[in-house]
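These notes are about the structure you will find just below.
The values are calculated or read from the model by the stated rules, or taken from the named source; none is laboratory data. Computed from a predicted model, the values in this text were never measured in an experiment. All Cβ positions, glycine included, derive from the backbone under ideal geometry; neighbour counts span all protein chains shown.
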Amino acid sequence: MTGWAWTALALYGVWLAAAFGVRTLIQRRRTGDTGFRGLSGTPGSAAWWAGALFVLALLGAVAAPAATLAGLPVLVPDAPSVYGAGAAIAVLGVAGTLVAQGAMGASWRVGVDHAERTALVTGGLFGYVRNPIFTAMGVTGLGLTLMVPNVLALSALAALIIAVELQVRVVEEPYLQTAHGAAYLSYAARAGRFAPGVGRLKTGGRGAGA
């Protein structure tokens, strides 16, 4: 089991370095801006909780394999096929994150500045899913959890899912509707929220249909 825990830590390190470190350097070089906007919302608000839970998820993804290395048992022992499937899923998620980030180009941001207006990206993966970066992050989180399926990993995955749902529904979708108006509503009516065809906004932009 320790081998899988070390592998999970290595994969996670690669993901962090590429998705945040390398991507930030690329963004800074191309635009002169890092793309980081940080937490939004007043403490205790839904937007604030989205950021706080995201930070907890990031920390939990490190703590889970580290805890297994320190002796915390996994919930699914002696299941190399599960751990191996998790590794494959995590690699897929890492690759998907980088591809989706690249598709955003100069519009890539971490967090939202409500006074800022960036181009609406609707091509590539964004033609099918409105939030492919978050989808890929969820896939990565699922894979890492399967690699080291302990209580901390499950908690981190749950925190990530809740954080993403709050960030998208409470922060980003209202911002994009305000920033891009009818163009965003038309786009959101044909592209799913996290998966193709699922979570498209209904005509008029109120509610979401399957």
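Taken over the range 92-108, the criterion of being within 14 Å of Thr24 (Cα to Cα) and β-branched (Val, Ile, Thr) is satisfied by Thr97 alone.
Of the residues screened, Arg28 is not one that is closer than 16 Å to Trp108 by Cβ and buried (at least 20 other Cβ atoms within 10 Å of the Cβ). With the checklist (1) among the small types (Gly, Ala, Ser); (2) in a helix (DSSP H, G or I); (3) surrounded by fewer than 21 Cβ atoms within 10 Å (Cβ to Cβ) in hand, flag the one item Gly71 doesn't pass. Only one criterion in (1) among the small types (Gly, Ala, Ser); (2) in a helix (DSSP H, G or I); (3) surrounded by fewer than 21 Cβ atoms within 10 Å (Cβ to Cβ) is unmet by Gly71, namely (2). Screening the candidates Gly199, Gly111 for the property of being in contact with a strand residue (DSSP E or B) (Cβ under 7 Å, 6 or more places away or on another chain) and more than 22 Å from Ala18 (Cβ to Cβ) yields one hit, Gly199.
From the list Ala191, Ala179, the one residue that fits, being over 30 Å from Pro73 (Cα atoms) and either exposed (fewer than 15 other Cβ atoms within 10 Å of the Cβ) or in contact with a strand residue (DSSP E or B) (Cβ under 8 Å, 6 or more places away or on another chain) (or both), is Ala191. Need the failing condition index for Ile133 against (1) part of a loop (DSSP other than H, G, I, E, B); (2) under 24 Å from Leu201 (Cα atoms), just the number. The failed condition is (1). Among all positions in the range 178-187, there is no residue which is of a type in the set (Gly, Ala, Ser) and under 24 Å from Ile26 (Cα atoms). Taking Tyr83 and the conditions (1) among the aromatic types (Phe, Trp, Tyr); (2) crowded, with 19+ Cβ neighbours inside 10 Å; (3) more than 29 Å from Leu146 (Cα to Cα), which numbered condition does it fall short on, given that it satisfies the others? Every condition holds for Tyr83 apart from (3).
Residues being more than 15 Å from the chain's Cα centre (by Cα), surrounded by fewer than 13 Cβ atoms within 10 Å (Cβ to Cβ) and part of a helix (DSSP H, G or I) are represented in the range 4-12 by at least one member.
Taking the range 78-119 as the range and being at pLDDT 95 or above and either among the basic types (Lys, Arg) or outside any helix (DSSP H, G or I) (or both) as the test, only Ala79 passes. The residues in the range 17-51 that are without any contact (Cβ under 8 Å) to a residue 40 or more places away in the chain, in a helix (DSSP H, G or I) and not aromatic (Phe, Trp, Tyr) can be counted, and the count is 8.
Residues in the range 15-38 that are more than 15 Å from the chain's Cα centre (by Cα) and of a type outside the set (Gly, Ala, Ser): Val22, Thr24, Leu25, Ile26, Gln27, Arg28, Arg29, Arg30, Thr31, Asp33, Thr34, Arg37.
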